[in-house]
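Reviewing the structure listed below.
The values are calculated or read from the model by the stated rules, or taken from the named source; none is laboratory data. Everything numeric in this text was worked out from a predicted model, so none of it was measured. Here the Cβ is made from the backbone with ideal geometry for all residues, glycine too, and neighbour counts use every protein chain on show.
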Amino acid sequence: MKILLATFALVFLRALQSQNVIHGNYIAAAITPYSLAVAEVASIMWVVQTGWDAIPWVGTGGMLGATLAMYIHKKVRTICD
């Protein structure tokens, strides 16, 4: 379960960072990498400990992170525009 959460956070933050860069959000783009670093290291450590059994957790965390980041970013952009 912790792999799912770490992967969710990692993919969610990567997707948000991509949107930050595309839309020129300089401050958010400068802050996000520190959160990305924590999520990246946590994901790597837990996947190494778990091995191949981590695949479904990583896939599910990635799917949830990407889709939620897209949804939230669109909502925030709609509210702010």
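Numbers below:
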quantity	calculated
Of all residues in region 15-59 being within 15 Å of residue 73 (Cα to Cα) and touching a residue at least 24 places away in the same chain (Cβ under 8 Å), the one that is surrounded by the fewest Cβ atoms within 10 Å (Cβ to Cβ)	23
Pair list, Cβ under 7 Å, 6 or more apart: region 60-81 residue within 9 Å of residue 15 (Cβ to Cβ), other residue among the polar types (S, T, N, Q)	65/7; 73/19
In region 44-81, the residues that are modelled with pLDDT of 95 or more and touching a Leu at 6+ places or on another chain (Cβ under 6 Å)	57, 60, 61
